Structure formats: structure tokens, C-alpha cells
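The values are calculated or read from the model by the stated rules, or taken from the named source; none is laboratory data. Since the model is a prediction, treat every value here as computed from it, not as a measurement. Glycine also receives a Cβ, built like all others from the backbone with ideal geometry; neighbour counts cover every protein chain displayed. Keep in mind that these areas ignore ligands, DNA and RNA; they rest on the heavy atoms of the full protein, side chains included. Shrake-Rupley method; radii C 1.70, N 1.55, O 1.52, S 1.80 Å.
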Amino acid sequence: MLDTKFIRNNAELVRAGVAAKGEAAAIDEFLQLDETRRKQVTRVEQLKAHRNTVTMEIAKLKKEAGDAGGKMEEMKAVGQEVKDLDATIKVIDEQLQHILLRIPNMPDADVPVAPNENHNVEVKRVGEPRQFAFTPKAHWDIGTDLEILDFERAGKIAGARFALYRGLGARLERALISFMLDLHTHEHGYTEIFPPLLVTNDCMVGTGQFPKFTEDAFKLADKDLYLNPTAEVPVTNMHRDEIIDGAKLPLYYTAYCPSFRAEAGAAGRDTRGLIRMHQFNKVELVKFVHPDTSDVELHTLLANACKVLDLLRIPYRILQMCTGDLGFTAAKKYDIELWLPSYNRYMEISSCSNFRDFQARRANIKYRPAPGAKAEYLHTLNGSGLAVDRLVAAILENYQQEDGSVVIPELLQPYMRAQVIEKQ
């Protein structure tokens, strides 16, 4: 969330940032409550200072056998007023927190100001889409024909928007997870994490999923636990309410875990195949960094994610998100989109974001620059490195052969113990 002082001193900038993201926030109400709170706090401080003075006077009177009754009655009234004001301040604090959690992060100054995804800026394009000498098939048909994907039985088990992998399909999913974790740990310097799949409400608030995206979460009945929507949530919250030694920064983590989303706002979109499912696999990259280095760290994060596609030789492009497509939590974001022949266009495979101190404030994650120094909020970043199921879809489509088989990318062959996926 944003710093209260920042909002107070930069109200117009905050209003412009909220509007540029296409969001709504009660900035005027926040400012009024903040002003009221400051006046109440000042009054409490004055009353407590007066009480301290009079308390000493009462003690002196009692010592001298004087009459302290009037002053004691006065202090009783002062004590009640302080109690009432403290209760009022507590209510105001709750109201301020309610509004703060619903104010989006501010976009960086160099983020293009535009209303929607049609205005995102293409930064780079790598590789050329394959020109097929035959009519290519969609991954859902390829997988079904090869008997490595079974959407019908997945539906029998869990309903729509689930997939069942079998045989070399299941092995391809597992191979991609292992390949990406090996790449990010051995070559990019990340520490591997396997987190719990369940997260608390505080975790979801800490990374910004709640209260904005509550309807997208799967909640356990009668418990304050949710199926994680992305490994970003448990991994970022590893350091919630902690002060990290600044000498240990930056911290890099990579994590694989199944993730779950209700896709409440995606009715009718990408209903076939592996693109938009309720349960999906993802390898995540998360960084905790010094504020002075987060710009450089974002570009390194982006390069780490792109390396997967470079090695697998799948065409892709990089987009810088405009303000209208930046999302609630990000200050700056790049999307990586890979080429999917069945869509005849590029499809998102990763979002790499710099949140500045937005998540750190929500989750209370700080670092201490030096021994004895005041703790400060650090910066967090994250990106998919990459989404596994969409990568499976891209491999099936981009590596398909005219006879219906699929050539396995060379770097995956040792993991797969096979060179081709063909119908048995």
C-alpha cells in the first residue's frame, strides 16, 4: 500500500495515478479522515501532557496535606476524554486502513499512460513464427490425438477448466518444471522453495490479491485458508513482519507449486485447452531487493524468464504494460508473450513486475541498512519463470509434425528420456 504521508503530500499525483490505472479510490475521504485523526491525536497528546502536569501537582498537594479533590475530579474527566478519543482514533484507523488497502500502486513516471491493453508497447520480438507446410492443429487436438491430454476425464473428476495429463504428457509437464527450476537455481542464482499450497487471508492482503481479487480465490470452508493463486503469495509472505539484514540483500527465490484461480472475470474466455484453467502449474521468481537496485533487478528478472524461451526456441515478444493494463499492485510491468499457432497470435506466458515498496508495506517487510540503523521498507519483484501449462501448449503446437507427432525440444530430451511424442 502507499505511505500515508505520500498520499497527504501528493494528493493530486495519487488521484492521477489511480485514474491512469482505471481504478477508483476514496482519496478525498481518506484526506478528511487523516486530517481528523491528526487533530484527535494532537488533542490526546495535549490532554496527556496536561494530565502529567496536574498529576505532579496533585502529588505535591497530597504531600503538603492540601485539598486535591478538585484536580482529581478534573483528571477523571480528562481520563474519560482520552479514553473516548482513543476509541475514536481506533475507528478512524480502521477506516483509513480500509481505504488504503483499496488504493492501487502508483505507476512509474516512464510507464505509458493509456487506457487498455491495446496501447501496450512492444519492446522486443525474438524468433519468427514457424511456417507450416501443412495445416497445424491446436494443442487440445494434438494432446487428445496423442492420448497425452484428457479433458473429458478431467471434467469427470473436477468439472470444466481442468486438465488430466497422462504418459509423455505428464512427463513433459514434470520435465518443464525440473528444467526451469534447474535453470533458475544453477544459472540464475535463485534459491528453490516448495511452499505450502494453502495461504491465510493476511498473506493474500500482503501481496495485494485481497481485497481487490477476493472473488477469484478458492476458500476452504470454515477456515481462514485459501488455495494459493500463485506462488508469489506464499513466497513473498515468507518474510512478512520481518526485518532483513541489508547485507543479505538481494534475496532471490524460485518456487514451483500448483496454483488455483476461480477465473471469476473470465467467463467464456479461452475455454478450450490449457490456457485458462482453475488449476495450473507455474514456476515463480520472487526478489527482495534494496530500493536503489530494483530498476536493474526488474530487467534481470525479465531476462531470466526470457531465457527459458530462448533455450526452448519458441518465438516470443516483450511488451511494456501501459497504465490501463498495469494491474493493481505493479509500479512497472513487462509481459512476455509466446507465439501460439492455434490463436495465430502471441499469448502471455509471464508478467514481470516491480512493486516498489507497495507489497512490503502491506506485508510489513523491512531491511536494516546497517547495524543500529532505522529499518526501512525494501522493494519486491516477481515474475513467472514460466507458466508451465501454457508452455506445454506452445511446445505441442510449435513442435508438431505433419504425421501428428511432436518433436521434444533438445534440452528437454534428457528429462523426458525421449525425442518424440507419438501415438502408442
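For every residue, the table says whether it meets (1) farther than 23 Å from Phe260 by Cβ; (2) in contact with a strand residue (DSSP E or B) (Cβ under 9 Å, 6 or more places away or on another chain); (3) not in a loop (DSSP other than H, G, I, E, B).
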residue	(1), (2), (3)
Ser342	yes, no, no
Glu348	no, yes, yes
Ser351	no, yes, yes
Arg362	no, no, yes
Ala393	no, yes, yes
Gln413	yes, no, yes
Lys423	yes, no, no
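Between Cys257, Cys203, the distinction of being under 16 Å from Thr380 (Cβ atoms) and open to solvent by less than 40 Å² (accessible area, probe 1.4 Å) belongs to Cys203 only.
Answer yes or no as to whether Asn344 is polar (S, T, N, Q) and at positive phi. Judged against the criteria, Asn344 is a match. Which one is least open to solvent (accessible area, probe 1.4 Å), of the residues in the range 65-102 that are farther than 18 Å from Asn52 by Cα and among the basic types (Lys, Arg)? Among those residues, the one meeting the criterion is Arg102. Cβ-Cβ distances below 8 Å connect the following pairs, each with a first residue in the range 1-23 that is in contact (Cβ under 8 Å) with a residue 24 or more places away in the chain, a second residue that is in a loop (DSSP other than H, G, I, E, B) and aromatic (Phe, Trp, Tyr), and a separation of six or more residues or different chains: Lys21/Phe328; Glu23/Phe328. Which residue out of Gly327, Gly385, Gly372 is open to solvent by less than 10 Å² (accessible area, probe 1.4 Å) and not in a helix (DSSP H, G or I)? Unique residue meeting the criteria: Gly385. Looking at the range 1-47, which of its residues are of a type in the set (Lys, Arg) and open to solvent by 80 Å² or more (accessible area, probe 1.4 Å)? Within the range 1-47, Lys5, Arg38, Lys39, Arg43 qualify. Taking residues in the range 391-410 that are under 15 Å from Tyr316 (Cα atoms), and partners anywhere that are in a loop (DSSP other than H, G, I, E, B) and among the polar types (S, T, N, Q), the pairs with Cβ atoms closer than 9 Å and at least 6 places apart or on different chains are Ala393/Ser342; Glu397/Ser342.
Any chance the range 207-214 includes a residue that's more than 21 Å from His98 (Cα to Cα), in contact with a helix residue (DSSP H, G or I) (Cβ under 6 Å, 6 or more places away or on another chain) and at pLDDT 95 or above? There is no residue in the range 207-214 that is more than 21 Å from His98 (Cα to Cα), in contact with a helix residue (DSSP H, G or I) (Cβ under 6 Å, 6 or more places away or on another chain) and at pLDDT 95 or above. Identify, please: which residue in the range 395-411 is assigned to a loop (DSSP other than H, G, I, E, B) and either among the basic types (Lys, Arg) or open to solvent by less than 50 Å² (accessible area, probe 1.4 Å) (or both) and is, among those, nearest to Met347 (Cα to Cα)? It comes out as Tyr399.
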